[in-house]
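A.B. asks: First the structure, which I've put down as structure tokens, then a few questions once you've had a look.
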Amino acid sequence: MAEAAALSAQREQLSATVVDVQTEASDVAREMAKAEADVEAVRQRAARDQQRLDTGAVSSAKELESLQHELESLRRRQAALEDVELEVMERAEGLRDQLAELQRATAELDVALGEVTASRDADLAAIAASRAQATAQREPLAASLPTDLIALYDKLRADLGSGAAALTHGRCSGCRLELTPTELGRIRAAPAEEVVRCEECRRILVRLPDAL
């Protein structure tokens with residue numbers, strides 16, 4: 001579950017990054033359109049001026065000189081605008097590459113998240129089935145035991161997480177502590193039907209064959 005949560009968090013972060021890159025790409029696309037329009041406007045104006053020059057439409061020496069100066073100015077302006085256009089194109093290409101990489105990473109993460117989620121769901125289903133089986137087995141057993149013993153077990157389980165613990169080789173499996181020789185002697189002498197408890201953790205002790 002922790003792995004699924006971590007992958008989901010990564011997925012959300014990737015999605016946010018994708019949105020940021022897409023927004024930036026849209027802004028750059030607008031810059032590109034403007035740069036292209038600016039270059040085209042200068043190019044068309046220069047073409048008109050050049051046509052006037054080539055066709056001899058300008059006869060005045062002063063006007064001719066002015067037109068030549070304007071053409072030179074337009075050429076410089078066009079070169080500067082084309083540099084801007086090139087820079088914007090490079091940024092747009094970089095953003096496209098970045099977006100493609102993010103989309104690839106997102107696809108890989110979706111596959112991993114799907115696998116982890118499927119595994120988690122299978123584990124939860126197995127736990128639920130095991131719990132249902134244990135409950136079905138417990139109910140007839142619980143019905144055959146004294147109600148006060150069941151009540152004690154349920155209270156201990158609520159307080160400690162488990163109401164009973166195996167006693168093996170003189171050690172309580174609940175608190176992991178060894179019982180004192182005195183306590184072991186008392187348990188050894190107790191009848192099999194007597195309920196014995198750990199002095200340390202208070203759990204009901206289940207006396208296995210190798211308990212003592």
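The values are calculated or read from the model by the stated rules, or taken from the named source; none is laboratory data. Here the structure is a predicted model, which is why all the values come from computation and not from measurement. So basically every Cβ, Gly included, is an ideal-geometry build from the backbone, and we count neighbours across all protein chains shown.
A.B. asks: Just checking, does segment 133-151 include any residue being polar (S, T, N, Q), more than 17 Å from L208 (Cα to Cα) and touching a residue at least 60 places away in the same chain (Cβ under 8 Å)?
C.D. replies: There is no residue in segment 133-151 that is polar (S, T, N, Q), more than 17 Å from L208 (Cα to Cα) and touching a residue at least 60 places away in the same chain (Cβ under 8 Å).
A.B. asks: Sticking with this one: Taking the criterion of being surrounded by fewer than 15 Cβ atoms within 10 Å (Cβ to Cβ) and not in a loop (DSSP other than H, G, I, E, B), would at least one residue in segment 161-176 satisfy it?
C.D. replies: Within segment 161-176 (the criterion being surrounded by fewer than 15 Cβ atoms within 10 Å (Cβ to Cβ) and not in a loop (DSSP other than H, G, I, E, B)), the answer is no, since none of the residues qualifies.
A.B. asks: So R30 passes all but one of these: (1) surrounded by 12 or more Cβ atoms within 10 Å (Cβ to Cβ); (2) farther than 30 Å from E115 by Cα; (3) of a type in the set (K, R). Which condition number does it fail?
C.D. replies: (1)
A.B. asks: Select from segment 45-66 the residues that are in a helix (DSSP H, G or I), without any contact (Cβ under 8 Å) to a residue 12 or more places away in the chain and either at positive phi or under 60 Å from the mean Cα position of the chain (by Cα) (or both) and list them in ascending order.
C.D. replies: Within segment 45-66, A47, R48 qualify.
A.B. asks: I've got another one for you. Take S73 and decide whether it is of a type in the set (S, T, N, Q), part of a helix (DSSP H, G or I) and under 30 Å from L124 (Cβ atoms).
C.D. replies: Considered against the rule, which asks whether it is of a type in the set (S, T, N, Q), part of a helix (DSSP H, G or I) and under 30 Å from L124 (Cβ atoms), S73 comes out as no.
A.B. asks: Related question: Go through segment 1-19 residue by residue and tally those that are loosely packed, with under 11 Cβ neighbours inside 10 Å and of a type in the set (D, E).
C.D. replies: The qualifying residues number 1.
A.B. asks: Given the conditions (1) touching a residue at least 40 places away in the same chain (Cβ under 8 Å); (2) at positive phi, which single one is not true for Q22?
C.D. replies: Against the list (1) touching a residue at least 40 places away in the same chain (Cβ under 8 Å); (2) at positive phi, Q22 comes up short only on (2).
A.B. asks: Okay, moving on. Select, from A190, A151, A166, the only residue that is touching a Ser or Thr at 6+ places or on another chain (Cβ under 7 Å) and not assigned by TED's automatic domain parsing to the domain that holds V28.
C.D. replies: From the options A190, A151, A166, the qualifying one is A166.
A.B. asks: I'm trying to understand the selection: among the residues of segment 67-90, which are exposed (fewer than 12 other Cβ atoms within 10 Å of the Cβ) and more than 54 Å from the chain's Cα centre (by Cα)?
C.D. replies: Scanning segment 67-90 gives H69, E72.
A.B. asks: While we're here: Of all residues in segment 177-211 being in a strand (DSSP E or B) and in contact with a Cys (Cβ under 9 Å, 6 or more places away or on another chain), which is surrounded by the most Cβ atoms within 10 Å (Cβ to Cβ)?
C.D. replies: The residue in question is L205.
A.B. asks: Would you check if A57 is among the small types (G, A, S), over 30 Å from V28 (Cβ atoms) and surrounded by fewer than 13 Cβ atoms within 10 Å (Cβ to Cβ)?
C.D. replies: yes
A.B. asks: Quick one: is V39 surrounded by 13 or more Cβ atoms within 10 Å (Cβ to Cβ), β-branched (V, I, T), more than 41 Å from the chain's Cα centre (by Cα) and in a helix (DSSP H, G or I)?
C.D. replies: It is true that V39 is surrounded by 13 or more Cβ atoms within 10 Å (Cβ to Cβ), β-branched (V, I, T), more than 41 Å from the chain's Cα centre (by Cα) and in a helix (DSSP H, G or I).
A.B. asks: Right, something else. How many residues does segment 139-158 contain that are over 15 Å from E194 (Cβ atoms) and outside any helix (DSSP H, G or I)?
C.D. replies: Residues meeting the conditions: 1.
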